[in-house]
Amino acid sequence: TAGGGGGGGGTPVTTKVDDSAGVYGTGWTSVSETPLYGGTSHQCKVTTCQVTYTFTGTGVSWIGQKDANYGQASVYLDNVLVATANAYNASNVYQQTLYSVSNLTAGSHTLKIVPTGTHTTGTDNWIEVDAFTFTS
């Protein structure tokens, strides 16, 4: 019989990363709102903030809020700038995928998010880290 074949990877796992994990730099504000994944998130709008998330797998997504007062963030994968994420949306929406990558070489990888302190269309520069989903 035909098998399932390889290469598909594991099941995506969504994780909350709180302050006790030691991944948030200074300047992040903790927020509690019901629509957030697990009811909490972290927000910041200045370039001195950063969050570093290390995972073992083949893919990762950054989940966060979009709103009219949200801005941009630099996204680094394994210390290489790979994207500028834009969290602007005309209305408030929760649990949005702000950056995603798949088909990485299996192993340990690090995703770093740094607010740029800028925005495109919006009115402010907020960035939110709600959760991360990784594929093992």
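The values are calculated or read from the model by the stated rules, or taken from the named source; none is laboratory data. Small disclaimer: the values here were computed from a predicted structure and weren't measured. All Cβ positions, glycine included, derive from the backbone under ideal geometry; neighbour counts span all protein chains shown. All accessible areas refer to the heavy atoms of the entire protein, side chains included, with ligands and DNA or RNA removed. Shrake-Rupley method; radii C 1.70, N 1.55, O 1.52, S 1.80 Å.
Going by the conditions given, is residue 37 surrounded by 14 or more Cβ atoms within 10 Å (Cβ to Cβ), in contact with an Asp or Glu (Cβ under 7 Å, 6 or more places away or on another chain), in contact (Cβ under 8 Å) with a residue 60 or more places away in the chain and not charged (D, E, K, R)?
Criteria met by residue 37.
Checking residue 87 against (1) touching an Asp or Glu at 6+ places or on another chain (Cβ under 8 Å); (2) under 18 Å from residue 116 (Cα atoms); (3) modelled with pLDDT under 95, only one condition comes out false. Which one?
All conditions are met except number (3).
Looking at region 1-19, which of its residues are at pLDDT 60 or above and out of contact with any helix residue (DSSP H, G or I) (no Cβ under 8 Å at 6 or more places or on another chain)?
If the condition is that a residue be at pLDDT 60 or above and out of contact with any helix residue (DSSP H, G or I) (no Cβ under 8 Å at 6 or more places or on another chain), then 9, 10, 11, 12, 13, 15, 17, 18, 19 are the ones that fit.
Under 6 Å between Cβ atoms, which residue pairs at least 6 apart in sequence (or on different chains) link something in region 118-130 that is more than 11 Å from residue 44 (Cα to Cα) with a partner that is aliphatic (A, V, I, L, M) and open to solvent by less than 60 Å² (accessible area, probe 1.4 Å)?
Correct list of pairs: 122/68; 123/68; 130/36; 130/63.
What residue, among those in region 91-117 that are part of a loop (DSSP other than H, G, I, E, B) and at positive phi, is surrounded by the most Cβ atoms within 10 Å (Cβ to Cβ)?
Taking the candidates together, the pick is 117.
Is it true that residue 54 is part of a strand (DSSP E or B), open to solvent by 70 Å² or more (accessible area, probe 1.4 Å) and modelled with pLDDT of 95 or more?
Judged against the criteria, residue 54 is not a match.
What are the residue pairs meeting all of these: first residue in region 94-105, first residue over 25 Å from residue 40 (Cβ atoms) and at pLDDT 95 or above, second residue open to solvent by 30 Å² or more (accessible area, probe 1.4 Å) and assigned to a loop (DSSP other than H, G, I, E, B), Cβ atoms under 7 Å, and 6 or more apart or on different chains?
From region 94-105, the pairs are 102/58; 103/58; 104/58.
Answer with yes or no whether residue 82 is in a strand (DSSP E or B), among the hydrophobic types (A, V, I, L, M, F, W, C) and open to solvent by 60 Å² or more (accessible area, probe 1.4 Å).
Considered against the rule, which asks whether it is in a strand (DSSP E or B), among the hydrophobic types (A, V, I, L, M, F, W, C) and open to solvent by 60 Å² or more (accessible area, probe 1.4 Å), residue 82 comes out as yes.
In the list 60, 46, 17, which residue meets the criterion of being in a loop (DSSP other than H, G, I, E, B), under 12 Å from the mean Cα position of the chain (by Cα) and either surrounded by 13 or more Cβ atoms within 10 Å (Cβ to Cβ) or in contact (Cβ under 8 Å) with a residue 60 or more places away in the chain (or both)?
Within the list 60, 46, 17, the selection yields 17.
Within region 20-34, take every residue that is modelled with pLDDT under 85 and surrounded by 12 or more Cβ atoms within 10 Å (Cβ to Cβ) and give me the one that is farthest from residue 135 (Cα to Cα).
First, pick out the residues of region 20-34 that are modelled with pLDDT under 85: 20-23, 25.
Retained after the next criterion (residues that are surrounded by 12 or more Cβ atoms within 10 Å (Cβ to Cβ)): 21, 23, 25.
Values: 21: 19, 23: 19, 25: 25 Å.
Result: 25.
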